[in-house]
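Written below as structure tokens is the structure these notes are about.
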Amino acid sequence: MAIEVKEPLAARITELRRTIHRRPELGFEEHETAALVERELDSLGIAHRRVAKTGIVARIAGAAPGRVAALRADMDALPIAERSGVSFSSEVDGKMHACGHDAHTAMLLGAAHVLSRMRPDLRGETVLIFQPAEEGPGGALPMIEEGALDDPKVDAIAMLHVDSRLDVGTVGISPGGVSASADEFYIDVRGSGGHGGYPHTAVDAIPAAAAIVLALQNVVARETDPLASAVVTVGTIEGGYRNNVIADEVRLSGTLRAHDSAVRDELESRLRRIVGGVASAYKVDATIRVIRGYPPVRNDTTLARRFGAYVRERSSVRVEEPPATMGAEDFAYFAQRVPGLLVRLGVRSDAAGSTHPGHSPQFCIDEAAMPFGVTTLVLFAIAISSGEISL
Ligand SMILES: [Zn+2]
Ligand SMILES: [Zn+2]
């Protein structure tokens with residue numbers, strides 16, 4: 001079955017994407033976006049329900065029994081002031097769709113159009129998951145806890161994420177680890193203050209903090225398998241009063257990232273040991289707080305290989321296997337529960353100026369990529385719900 005997205009649907013998807021782009025909303029505030037999604041689903045006669053405040057779960061049942069595919073799109077924007085220069089730029093000060101979630105939502109609605117038209121020929125069911133708050137605090141887990149994967153019971157799930165590394169017309173379907181865990185850490189270093197001219201009468205928190213930053217570089221450089229992937233980034237450092245005062249306190253914060261759960265656990269324990277050891281050497285107290293964020297995303301290996309071949313056979317979409325990134329995605333929670341695929345959608349085009357990475361104020365996508373994304377989503381829904389790809 002050839003799946004092609006033609007006019008007028010391609011124009012409708014672009015229109016939906018631009019409407020969402022103009023009105024960016026942050027996590028769990030996606031009221032206008034959710035209302036737009038619901039209106040479009042209503043116009044197609046697709047049943048839907050609210051899940052996790054601004055999340056929506058919709059169902060498209062085929063004419064014959066089969067399995068259940070799920071497709072997930074995130075809907076939230078970022079607190080960034082847009083400088084992309086597009087004519088449909090954000091109308092909301094300080095907020096922007098700089099990660100492409102506007103396009104994700106529009107493409108999932110595009111897939112809803114195609115699948116609802118094909119209903120009489122379809123087997124099984126497709127669940128459409130419109131998720132809030134991917135950029136934080138995380139909408140995937142609350143949606144799962146409220147039953148997004150249970151009614152009906154989902155057999156496999158896929159998502160698209162725009163990717164400015166890949167050219168338009170290409171999707172990335174890589175087996176195994178594709179994105180990293182992201183854990184936050186906060187370190188408070190406390191000494192005792194004093195006069196800058198009499199350091200021996202105080203305990204200076206600044207050299208202790210500096211030594212902690214340098215010692216932490218050892219975690220990745222000397223203690224982690226070079227073939228594993230790990231990041232320890234100290235993102236902020238603040239403390240002190242003025243040039244001639246010894247600082248009694250310095251606060252550090254950062255992020256720990258890994259592809260593998262065991263490496264993830266080791267990063268935290270090494271951080272705690274090193275910070276504790278350096279603090280004791282410098283006679284300061286250090287308190288460490290680690291807040292666990294999203295787990296790593298692992299694409300189901302069998303599903304990735306089979307679906308990559310399936311897309312190549314049935315469409316003109318080019319399939320690549322791009323390397324993993326150290327970004328994070330709360331799709332991880334879905335992929336922990338059912339076989340999942342994080343599919344990257346190429347949106348890079350020098351002609352369209354789509355070369356800036358996600359989260360940049362200049363980020364923009366080449367909209368010509370969206371029909372390829374819709375085709376890929378529809379193919380996944382058909383492959384799983386019909387049982388053509390078995391797991
Ligand atoms: Zn993002
Ligand atoms: Zn994103």
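Annotations for the structure displayed:
- Per-region count, region 109-162, residues of a type outside the set (S, T, N, Q) and assigned to a helix (DSSP H, G or I): 18
- Selection within region 1-56 - in contact with a helix residue (DSSP H, G or I) (Cβ under 7 Å, 6 or more places away or on another chain), over 22 Å from Ser90 (Cβ atoms) and assigned to a helix (DSSP H, G or I): Leu9, Ala10, Leu41
- Tabulated pairs, region 216-235, first assigned by TED's automatic domain parsing to the domain that holds Arg272 and polar (S, T, N, Q), second surrounded by 10 or more Cβ atoms within 10 Å (Cβ to Cβ) and at pLDDT 95 or above, C-beta under 6 angstrom, 6+ apart or interchain: Thr224/Ala230; Ser229/His259; Thr233/Gly254; Thr233/Thr255
- Subset tally (residues that are farther than 22 Å from His48 by Cβ and in contact with a Lys or Arg (Cβ under 6 Å, 6 or more places away or on another chain)) for region 80-117: 2
- Complete set of residues in region 355-377 that are within 16 Å of ligand 1 (Cβ to nearest atom) and small (Gly, Ala, Ser): Gly358, Ser360
- Residues (in a loop (DSSP other than H, G, I, E, B), within 16 Å of ligand 1 (Cβ to nearest atom) and closer than 24 Å to Ala156 by Cα) located in region 62-94: Met75, Asp76
- Residue identified as part of a loop (DSSP other than H, G, I, E, B), at pLDDT 95 or above and not assigned by TED's automatic domain parsing to the domain that holds Ser261 among Pro371, Pro361: Pro361
- All conditions in (1) away from ligand 1 (no atom under 16 Å from the Cβ); (2) within 14 Å of the chain's Cα centre (by Cα); (3) surrounded by fewer than 24 Cβ atoms within 10 Å (Cβ to Cβ) hold for Gly136, with the sole exception of (1).
- Some residue of region 324-343 being more than 30 Å from Gly276 (Cβ to Cβ), in a loop (DSSP other than H, G, I, E, B), among the polar types (S, T, N, Q) and touching a strand residue (DSSP E or B) at 6+ places or on another chain (Cβ under 7 Å): yes
- Figure legend. Inter-residue proximity from region 188-215: first residues in contact (Cβ under 8 Å) with a residue 12 or more places away in the chain and farther than 23 Å from Val290 by Cβ, second residues assigned to a helix (DSSP H, G or I) and of a type in the set (S, T, N, Q), beta-carbon distance below 8 Å, spacing 6+ or different chains. Indicated pairs: Gly194/Thr201; His195/Thr201.
- Test: residue in region 366-373 that is within 16 Å of ligand 2 (Cβ to nearest atom) and aromatic (Phe, Trp, Tyr): no
Per-residue answers, yes or no, for (1) of a type in the set (A, V, I, L, M); (2) in the same structural domain as Val57 (by TED's automatic domain parsing); (3) within 16 Å of ligand 2 (Cβ to nearest atom); (4) surrounded by 20 or more Cβ atoms within 10 Å (Cβ to Cβ):
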{"position": "Ala148", "(1), (2), (3), (4)": "yes, yes, no, yes"}
{"position": "Val154", "(1), (2), (3), (4)": "yes, yes, no, yes"}
{"position": "Ser164", "(1), (2), (3), (4)": "no, yes, yes, yes"}
{"position": "Gly169", "(1), (2), (3), (4)": "no, yes, no, no"}
{"position": "His195", "(1), (2), (3), (4)": "no, no, no, no"}
{"position": "Asp204", "(1), (2), (3), (4)": "no, no, no, yes"}
{"position": "Ala211", "(1), (2), (3), (4)": "yes, no, no, no"}
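- Residues (more than 15 Å from ligand 2 (Cβ to nearest atom) and in contact with a helix residue (DSSP H, G or I) (Cβ under 8 Å, 6 or more places away or on another chain)) located in region 93-107: none
- Subset of region 60-76 [basic (Lys, Arg) and within 16 Å of ligand 2 (Cβ to nearest atom)]: Arg72
- Exactly one residue among Ser354, Ser349, Ser315, Ser386 is touching an Asp or Glu at 6+ places or on another chain (Cβ under 9 Å) and modelled with pLDDT of 95 or more, and that residue is Ser315.
- Residues satisfying the criterion are absent from region 77-86 (criterion: within 16 Å of ligand 2 (Cβ to nearest atom), in contact with a strand residue (DSSP E or B) (Cβ under 8 Å, 6 or more places away or on another chain), touching a residue at least 12 places away in the same chain (Cβ under 8 Å) and closer than 25 Å to Val338 by Cα).
- Cβ-Cβ contacts under 7 Å between residues 6 or more apart (or on different chains), taken from a first residue in region 353-380 that is over 17 Å from Val171 (Cα atoms) and among the hydroxyl-bearing types (Ser, Thr, Tyr) to a second residue that is buried (at least 24 other Cβ atoms within 10 Å of the Cβ) and modelled with pLDDT of 95 or more, are listed as Ser360/Ala98.
- Residue satisfying condition, being surrounded by 22 or more Cβ atoms within 10 Å (Cβ to Cβ), out of contact with any strand residue (DSSP E or B) (no Cβ under 8 Å at 6 or more places or on another chain) and not charged (D, E, K, R), within set Thr19, Thr54: Thr54
- Only listed residue being under 24 Å from Ile382 (Cβ atoms) and within 16 Å of ligand 1 (Cβ to nearest atom), chosen from His97, His161: His161
- Strands (runs of 3 or more DSSP E) completely within region 241-309 that count 2 or more residues being under 15 Å from Ala209 (Cα atoms) and at pLDDT 95 or above: 249-258, 285-291
The values are calculated or read from the model by the stated rules, or taken from the named source; none is laboratory data. This is a predicted model, so every value here is computed, not measured. Note that we place each Cβ from the backbone using ideal geometry, even for glycine, and neighbour counts take in every protein chain shown.
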